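The values are calculated or read from the model by the stated rules, or taken from the named source; none is laboratory data. These numbers were taken from a predicted model, which means no experiment stands behind them. These area figures cover heavy atoms from the full protein model, side chains too; ligands, DNA and RNA do not enter into them. Shrake-Rupley method; radii C 1.70, N 1.55, O 1.52, S 1.80 Å.
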Amino acid sequence: MEKNQPIIKIQNLRVIYNQGKSNEVRSLEDVSLNIYPEEYIIIYGPSGCGKSTLLYSIAGLQMPTYGEVTINEKKLSQMNSNDKVILHQVGTGMIFQSFYLIPSLNVIDNVCIPKTFCGIKRKERIEEGMKLLQRFSISEQFKKFPSQLSGGQKQRVAIARALANNPQVILADEPVGNLDSESASNVMRILKDLNDIDKKTIILVTHNPEFLHYADRVIHIKDGRIIKEDVNVEKRPKEVIKKELFVGGETEPPKELEILMRTFKNLSSQQRGSLLIPFKAKQLLHHVLSQITDEQLKSAENLLTEFLFNNFGIEIFKKKLDAGFDKGGANWNKQRAKRFSRRVQAIFEQVAILKKDPEMAPSYLADYLINTFGFKLDESLRMRFESFLRLRINNKTDKANFKKSLDAPVYLRGLGLNKNTAEKIAMEVEVIMLLNYSV
Ligand code: ADP
Ligand code: MG
């Protein structure tokens, strides 16, 4: 497939239910939209505006009344039933608001269903299915039936099922509409990772504005029409944006913008007015705070996520931090990459100690913190420090109180550290506790 080609092309799509009858509904009116590989698209609009109809048209589950949908340069209207079966098996994965798990099958069999029809051996199917369940932290439930799971767990099973054949595109119809807010964030985070890390193209339908920030591009729909498009992150090929934007008049972006775009890769000519302000704020923050661009930071975050998934060890992590964007790296310089990975490694050593030997951890942690933040304690204060650390490790206190005990004067049973150091130590401990936390 050519790089600049949309993965999904929707041209003048119209869907009319019960055409010509008294109960005729015009669900979609002349919708045209191109979606490019690796984009995260949210289709947003009020209930009844035609979002699901649009998604099902992309999935090949709804026939257009007029217009055309093309996937990977194949027109859905020209696909025979065999092509469509292949599309549903390996081209797109779908998840729904009400999960649609099969009640009579257990979790692992639900996940492996799409593989059943692909001629893969059962043992292999189960192994791969279990890997997906592990990734979404539901492998322990593999023998349970859907009725024994919470909503959030059901949706994670449904996501695993949608991924079973490793499709390029994930379609999600109000996937968190039935979930409490915690499970909802969890599922939204998973979908974001599938886009960021696995490079899946995501098309998600929602009527909830709370989730819009997850998307690269938000398509606003009203009464069956696209009324607006917001771009958070531009993933469309540059040449395409130029073409789409400067039709008729100029054929190039203004020189000023073009030069800026060479530095700020996520800047695009779609970002105008109010969309430009958050972008400027972010760049200014990164520049002043870390002297690192948004893109370098984002890539580093992705690498850290992969590292946390154990996809590679610290040495590879360091190399990738330093490698250029074109090599899948974060384009940092060597010195910074070295310093940063050393720091990460040191933190992980503390996490490992905490996991292995919580009894001894306060003592190791005290050494580590004293070294890292360069302060001195006499023997009795050091004992005090360890006892504070023990309280935090055993969840007998929280960050705020832990920090207070660090900067309280010695005669008030504190350590008498200055506020800044106390904050840094307390935050370091919180991060270690977070990294150690798992469910
Ligand atoms: P949304 O997902 O945005 O809530 P839908 O795409 O489900 O909207 O529906 C758009 C419109 O089409 C609504 O007026 C709905 O009642 C109508 N509609 C959807 N499916 C059908 C159908 N199978 N038959 C008739 N009308 C339908
Ligand atoms: Mg709907």
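Note that segment 308-415 shows a convex hull volume over its alpha carbon atoms of 128 Å³ per residue.
Scaled against 2.2 N^0.38 Å for its residue count N, the alpha carbon radius of gyration of segment 204-244 is 1.30. Expressed to the nearest 5 percent, the antiparallel share of DSSP beta bridges inside the chain is 50 percent.
Non-local lysine pairs in segment 357-436, meaning eight or more places apart or on different chains, with alpha-carbon distances under 13 Å, amount to 5. For segment 295-338, the convex hull drawn through the C-alpha positions has a volume of 56 cubic angstrom per residue. Against the compact-protein benchmark of 2.2 N^0.38 Å, the Cα-based radius of gyration of segment 357-436 scales to 0.97. In the chain, the longest principal axis of the Cα atoms and the axis of helix 151-163 are about 60 degrees apart.
Per the Cα gyration tensor, the chain maps to an equivalent ellipsoid with semi-axes of 46, 29, 20 Å, ordered largest to smallest.
Against the chain, whose longest principal axis is taken from its Cα atoms, helix 334-356 shows a tilt of about 70°.
With contacts taken as Cα pairs under 8 Å at a separation of at least 6 residues, the chain carries a relative contact order of 13 percent.
The alpha-carbon positions of segment 7-69 define a convex hull whose volume is 79 Å³ per residue. Which pairs in the list K199/K255; K84/K200; K9/K228; K123/K319 are over 25 Å apart, alpha-carbon to alpha-carbon? Over 25 Å apart, Cα to Cα: K199/K255; K123/K319. At what distance in angstrom do the alpha carbon centres of segment 289-368 and segment 115-194 lie from each other? Cα centres, segment 289-368 to segment 115-194: 28 Å.
With the Kirkwood sum run over all distinct C-alpha pairs, segment 117-187 has a hydrodynamic radius of 13.1 Å. When the alpha carbon gyration tensor of segment 272-354 is reduced to an equivalent ellipsoid, the three semi-axes, largest first, read 27, 14, 12 Å.
Overall shape of segment 1-141 was characterised from the C-alpha gyration tensor. The equivalent ellipsoid obtained from it has semi-axes of 32, 19, 16 Å, in decreasing order.
Scaled to the globular estimate 2.2 N^0.38 Å, the Cα spread of segment 121-244, given as radius of gyration, is 1.22. The largest accessible area among D196, D322 belongs to the first residue in D322, D196, and the rest follow in falling order (1.4 Å probe, all chains).
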